[in-house]
Amino acid sequence: MRRTYLIIAALFAAPLAACGQSSESEAVAEGEETAAGEYERGPHNGRMLREGDFAIEMTVFEDGVPPEYRLYAYRDGEPVDPSEVTARVMITRLDGEETTFTFTPQVDYLRGSSVLVEPHSFDVVVVANEGDRTHRWAFESYEGRVTISDEAANAAGIETDTVGPQQVDDAVEIIGRVELDPAGSAEVGAKYPGPVMAVYRNIGDRVARGALLARVESSYSLQTYDIYAPISGIISERNANVGSIADSDPLFVISDPSRTVATFPIFPRDIERVRPGQSILIRGLEGNRAQGSVIRDFLPLAEVTSQAVTARASLPNRDGFWRPGMAVRGLVTTNQRTVPMAVRTDAIQQFRDFRVVFAKIGETYEVRMLELGQEGPEWTEVISGIAPGTVYASENSYVIKADIEKSGASHDH
């Protein structure tokens with residue numbers, strides 16, 4: 001199970017600066033907000049930017065259209081004809097990318113020149129001209145952003161990777177169990193029938209090849225002969241006791257625990273996708289132990305009721321971790337292709353209506369909304385939403401999401 005980490009990251013409300021003077025020069029006056037999202041809202045629920053008798057209401061409109069800026073101008077609290085105002089908005093993102101928006105007058109507002117790409121997290125500068133006056137405002141508008149020191153991130157188990165080309169696998173998940181490999185077991189019987197005179201080994205005993213297991217008296221010659229272990233392994237069955245009669249049934253079964261197989265029932269819905277020779281990643285139902293193998297073969301008969309066919313994959317077990325009867329999960333790779341951009345599947349989180357990862361710049365993490373393609377168990381293809389070469393949180397990214405949600409760095413315009 002994952003450890004649960006608690007990271008307390010401080011986000012401070014952004015100062016909102018406003019100023020206004022003649023067109024000959026510009027200056028910025030600052031007014032401090034008490035918390036993120038706490039600012040005056042206008043009639044269209046946008047951010048009000050004021051200087052003297054003039055104001056701009058700044059909104060992001062995304063109802064049925066891609067997100068775009070819309071500005072509403074006011075003088076003495078009354079709407080101003082948008083044709084009397086010119087404006088531009090400059091945004092600077094966390095990675096230093098700068099974008100400038102110009103505006104064209106519409107019926108009652110100024111419309112931004114291009115789409116405002118997610119995430120809506122940046123430093124903003126607004127410049128508006130009306131008559132012979134120029135107004136300038138600067139403020140922070142962040143969402144999905146949090147700062148976590150490298151020391152705290154390491155303590156939380158946050159790891160990073162880089163966006164780039166990867167091989168993405170199409171996989172089928174199957175559930176099975178561990179069994180002893182029949183080729184790694186041996187039944188040990190008596191050469192001649194007769195009473196068992198001595199037994200030297202018990203169930204669970206580890207024996208080497210050639211170890212003495214028992215003595216039996218032949219009913220034909222009345223001579224006692226020894227029975228030895230034909231292979232090295234562990235005694236998994238014992239059917240011999242002193243005084244019992246040895247006949248054609250095995251007295252012992254010796255199994256090599258280092259030779260195990262994983263068996264999986266393949267149901268009709270997957271039978272056309274799973275084939276011998278395909279790669280499979282085998283994991284326990286709990287824990288992090290994983291081991292690669294290939295589908296070795298299929299048993300010849302289907303199970304009558306479920307119509308499942310049993311697939312087998314070799315599972316070398318030199319350290320004895322896999323125990324016969326353990327339930328295991330298998331991911332069978334049915335198709336592979338290399339894509340230009342991919343992120344680790346475990347890094348992807350849900351943020352609002354988007355599936356996202358968190359880009360890391362310095363000690364700051366910020367959401368990146370992704371358009372995804374083919375998803376595999378380890379890597380997922382990225383169509384757009386993040387630049388190649390971007391460093392992102394690849395392990396324990398849920399810690400960052402939780403910190404952002406606690407800090408209230410949400411979508412707000």
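A Cβ distance below 9 Å, combined with a sequence gap of six or more or placement on separate chains, defines the contacts here; from the stretch 280-297, residues that are farther than 14 Å from LEU331 by Cα reach residues that are part of a loop (DSSP other than H, G, I, E, B) in the pairs GLU286/MET1; GLY287/MET1; ARG296/PRO276; ARG296/GLY277; ASP297/PRO276.
Selection of the stretch 161-216 for residues being touching a residue at least 24 places away in the same chain (Cβ under 8 Å), in a loop (DSSP other than H, G, I, E, B) and among the charged types (D, E, K, R) yields ASP181, LYS191, ARG201, ASP205. Annotation for the stretch 234-243: no member residue is touching a helix residue (DSSP H, G or I) at 6+ places or on another chain (Cβ under 7 Å) and under 30 Å from SER218 (Cα atoms).
What are the pairs, 6+ residues apart or on separate chains, where a residue within the stretch 52-68 that is in a strand (DSSP E or B) has its Cβ under 6 Å from a residue that is aromatic (Phe, Trp, Tyr)? What qualifies is ALA55/TYR74; GLU57/TYR72; GLU68/PHE61.
Can you pull out every residue in the stretch 364-403 that is buried (at least 16 other Cβ atoms within 10 Å of the Cβ), of a type outside the set (A, V, I, L, M), over 15 Å from the mean Cα position of the chain (by Cα) and assigned to a loop (DSSP other than H, G, I, E, B)? Selection gives GLY385, THR390. Of all the residues in the stretch 90-112, those that are surrounded by 15 or more Cβ atoms within 10 Å (Cβ to Cβ) and within 36 Å of the chain's Cα centre (by Cα) number 5.
Among the residues of the stretch 311-324, not a single one is exposed (fewer than 15 other Cβ atoms within 10 Å of the Cβ), of a type in the set (S, T, N, Q) and either in a strand (DSSP E or B) or touching a helix residue (DSSP H, G or I) at 6+ places or on another chain (Cβ under 8 Å) (or both). If the condition is being closer than 30 Å to GLY277 by Cα and hydroxyl-bearing (Ser, Thr, Tyr), then the stretch 132-185 contributes only SER185. Regarding ILE361, is this residue more than 18 Å from the chain's Cα centre (by Cα), among the aliphatic types (A, V, I, L, M) and outside the structural domain of SER236 (by TED's automatic domain parsing)? Criteria met by ILE361. Might you let me know whether the stretch 75-89 holds any residue that is at pLDDT 95 or above, surrounded by 14 or more Cβ atoms within 10 Å (Cβ to Cβ), outside the structural domain of TYR398 (by TED's automatic domain parsing) and within 37 Å of the chain's Cα centre (by Cα)? Within the stretch 75-89 (the criterion being at pLDDT 95 or above, surrounded by 14 or more Cβ atoms within 10 Å (Cβ to Cβ), outside the structural domain of TYR398 (by TED's automatic domain parsing) and within 37 Å of the chain's Cα centre (by Cα)), the answer is yes, since at least one residue qualifies.
The values are calculated or read from the model by the stated rules, or taken from the named source; none is laboratory data. Here the structure is a predicted model, which is why all the values come from computation and not from measurement. As a convention, Cβ positions derive from the backbone with ideal geometry for all residues, glycine included, and neighbour counts pool all protein chains shown.
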